[in-house]
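First the structure, in the form of structure tokens, and then the observations on it.
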Amino acid sequence: QVLLVESGGGLVQAGGSLRLSCAASGSISSIAAMGWFRQAPGKQREFVARFTSDGRTNYADSVKDRFTISRDNVKNTVYLQMNSLKPEDTAVYYCNAPTTYNTYWGRGTQVTVSS
């Protein structure tokens, strides 16, 4: 089992920044990769950013050059630094950790960007 706990969401004005954190616990060694997804009201959950199993990073086109994913392997934590936020970035942000047999999700953290 893997437990993922997100934090760092909040309300910010357009152009502002937030840093999300995702702390992982449990069967850490089983995690193949970690990343972030988001879901806006009335929309499907969408990919935002991730570390691949070989350590590379991928980003959605909509956040490239504005968001940066990073990690602290000692703390088993993945971060999402979000800069130049736009109202369309408003969503619940979820941490994601696929393993060999399951995919784990956190409960999400709300990010609201006001115009």
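The values are calculated or read from the model by the stated rules, or taken from the named source; none is laboratory data. None of these values were measured; they are calculated from a predicted model. Because the Cβ atoms are built from the backbone with ideal geometry, glycine has one as well, and the counts that use them run over all protein chains shown. Remember, those area values only see protein heavy atoms, side chains included, never the ligands or the DNA or RNA. Shrake-Rupley method; radii C 1.70, N 1.55, O 1.52, S 1.80 Å.
If you check SER25 against the conditions, is it among the polar types (S, T, N, Q) and either in contact (Cβ under 8 Å) with a residue 60 or more places away in the chain or over 14 Å from LYS75 (Cβ atoms) (or both)? Walk me through how you get there before you give the answer.
Numbers: among the polar types (S, T, N, Q): yes; either in contact (Cβ under 8 Å) with a residue 60 or more places away in the chain or over 14 Å from LYS75 (Cβ atoms) (or both): no.
So SER25 does not fit the description; no.
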Mind checking which residues of segment 60-101 are of a type in the set (Asp, Glu) and either touching a residue at least 60 places away in the same chain (Cβ under 8 Å) or more than 17 Å from THR112 (Cβ to Cβ) (or both)? ASP61, ASP65, ASP72
Matching entry among GLY42, GLY10, GLY55, GLY16 (being more than 10 Å from the chain's Cα centre (by Cα), farther than 15 Å from LEU80 by Cα and open to solvent by less than 50 Å² (accessible area, probe 1.4 Å)): GLY55
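For segment 73-97, name all the residues that are out of contact with any helix residue (DSSP H, G or I) (no Cβ under 8 Å at 6 or more places or on another chain), open to solvent by less than 40 Å² (accessible area, probe 1.4 Å) and in a strand (DSSP E or B).
Of segment 73-97, the ones out of contact with any helix residue (DSSP H, G or I) (no Cβ under 8 Å at 6 or more places or on another chain) are 73-75, 77-81, 83-97.
Restricting the remaining residues to those that are open to solvent by less than 40 Å² (accessible area, probe 1.4 Å) gives 77-80, 85, 89-97.
Correct list: THR77, VAL78, TYR79, LEU80, ALA91, VAL92, TYR93, TYR94, CYS95, ASN96, ALA97.
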